[in-house]
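Below is one structure, written out as structure tokens; comments come after it.
The values are calculated or read from the model by the stated rules, or taken from the named source; none is laboratory data. Given the structure is predicted, the values throughout are model-derived calculations rather than measurements. Every residue, glycine as well, gets a Cβ built from its backbone with ideal geometry; the counts of neighbours run over all protein chains shown. The protein model used for the area step is the full one, side chains on, heavy atoms only, and it has no ligands, DNA or RNA in it. Shrake-Rupley method; radii C 1.70, N 1.55, O 1.52, S 1.80 Å.
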Amino acid sequence: MANKKKRRLSVTDFLKMKSDGMPITMLTAYDFPTAERLDSAGVDMLLVGDSLSMVVQGHENTLPVTLEQMIYHGEMVARAAKRSFVVVDIPFPINHHGVHEAVKAAGRIMKETGCQAVKLEGGAEQADVIRAMVNAGIPVIAHVGLRPQAIHAMGGYKVQRDRDALMHDATAAQGAGAFCVLIECVPEEIATEITKELNVPTIGIGAGNGCDGQVLVISDMLGMTGGYVPSFVKAYADVGNQITTAVNAWCKEVRSRSFPDKDHSF
Ligand code: KIV
């Protein structure tokens, strides 16, 4: 059952949801009207993912989106959300610019968007950065498994199967103070084992049904994505084709002068 509490959810709510065995829902959002809808539908966390580089800006991968653009979209989403906990991605490669620059960027995101947390890609090798952000009062989600910002180094969008490395990343992120770990493209068995090992909640994408929560990219789950859609995505609507049908109907009526009719004229 959706958690319909109206006050803003917090880090402590997510820890409790884990201990109560209550699944956490997270979807991406990039603009005000979508965020308003997801918030009122009772989605627990809204992620202003750097996937906006692909699904909003039309780039081939998540590398081009800038800090300014993440802040621009993050502010709209955070302003729309009343109950949902809003998380904004640190874009490539700012968390690799050293601890000082990374905390500075995360601070700007928190201050200028009004979001509640940031997410960064990385586990063990990002432990110092996570710790410094947490020490600055910034809640952090660590993103382990497939890391789309490292797509060129990882050799493509592949399932990550190195159990020991994944466990090391997740436990190091938790040890550094991350309040949640997002696990992408990992076999269900490994993601479930990590979830059992951690005290903080895990959110899975392409990581099976054993995580504490699930996230999907909104455009994928609404059937809006034109190009390649990963096999772990389930489309819950066909919005892309509905747009095409509606626009075709409108063009036809304009060309035949049947729109606007008397009901839609002064
Ligand atoms: O940027 C994003 O949308 C993400 C999801 C794939 C979890 O990180």
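Scanning segment 20-36 for residues that are out of contact with any helix residue (DSSP H, G or I) (no Cβ under 7 Å at 6 or more places or on another chain) and outside any loop (DSSP other than H, G, I, E, B), which turns out surrounded by the most Cβ atoms within 10 Å (Cβ to Cβ)? Working first, answer last.
Looking only at segment 20-36, we keep the residues that are out of contact with any helix residue (DSSP H, G or I) (no Cβ under 7 Å at 6 or more places or on another chain), and these are 20-23, 25-26, 33.
Cutting the leftovers down to outside any loop (DSSP other than H, G, I, E, B) gives us 20, 25-26, 33.
Details: Asp20: 8, Thr25: 20, Met26: 26, Pro33: 10.
In this case the residue turns out to be Met26.
Name every residue in segment 95-115 that is within 16 Å of the ligand (Cβ to nearest atom) and in contact with a Lys or Arg (Cβ under 9 Å, 6 or more places away or on another chain), in order of residue number.
Scanning segment 95-115 gives a single hit, Thr113.
Could you tell me which of the residues Ala165, Ala237, Ala153, Ala249 is without any contact (Cβ under 8 Å) to a residue 40 or more places away in the chain, surrounded by fewer than 16 Cβ atoms within 10 Å (Cβ to Cβ), farther than 26 Å from Val56 by Cβ and hydrophobic (A, V, I, L, M, F, W, C)?
Working: Ala237 fails: farther than 26 Å from Val56 by Cβ; Ala153 fails: farther than 26 Å from Val56 by Cβ; Ala249 fails: farther than 26 Å from Val56 by Cβ.
Only one candidate qualifies: Ala165.
So Gly226 clears everything in (1) out of contact with any strand residue (DSSP E or B) (no Cβ under 7 Å at 6 or more places or on another chain); (2) open to solvent by 60 Å² or more (accessible area, probe 1.4 Å); (3) modelled with pLDDT of 95 or more; (4) not β-branched (Val, Ile, Thr) except one condition, right? Which one?
(3)
So which residues in segment 182-193 are assigned to a helix (DSSP H, G or I) and within 16 Å of the ligand (Cβ to nearest atom), if there are any at all?
Initial filter on segment 182-193 (assigned to a helix (DSSP H, G or I)): 188-193.
The answer is Ala191, and nothing else.
Matching residues to (1) touching a strand residue (DSSP E or B) at 6+ places or on another chain (Cβ under 9 Å); (2) at pLDDT below 95; (3) away from the ligand (no atom under 12 Å from the Cβ):
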{"residue": "Met1", "(1), (2), (3)": "no, yes, yes"}
{"residue": "Lys16", "(1), (2), (3)": "no, no, yes"}
{"residue": "Ser19", "(1), (2), (3)": "no, no, yes"}
{"residue": "Ile24", "(1), (2), (3)": "yes, no, yes"}
{"residue": "Ser51", "(1), (2), (3)": "yes, no, no"}
{"residue": "Thr62", "(1), (2), (3)": "yes, no, no"}
{"residue": "Glu68", "(1), (2), (3)": "no, no, yes"}
{"residue": "His73", "(1), (2), (3)": "yes, no, no"}
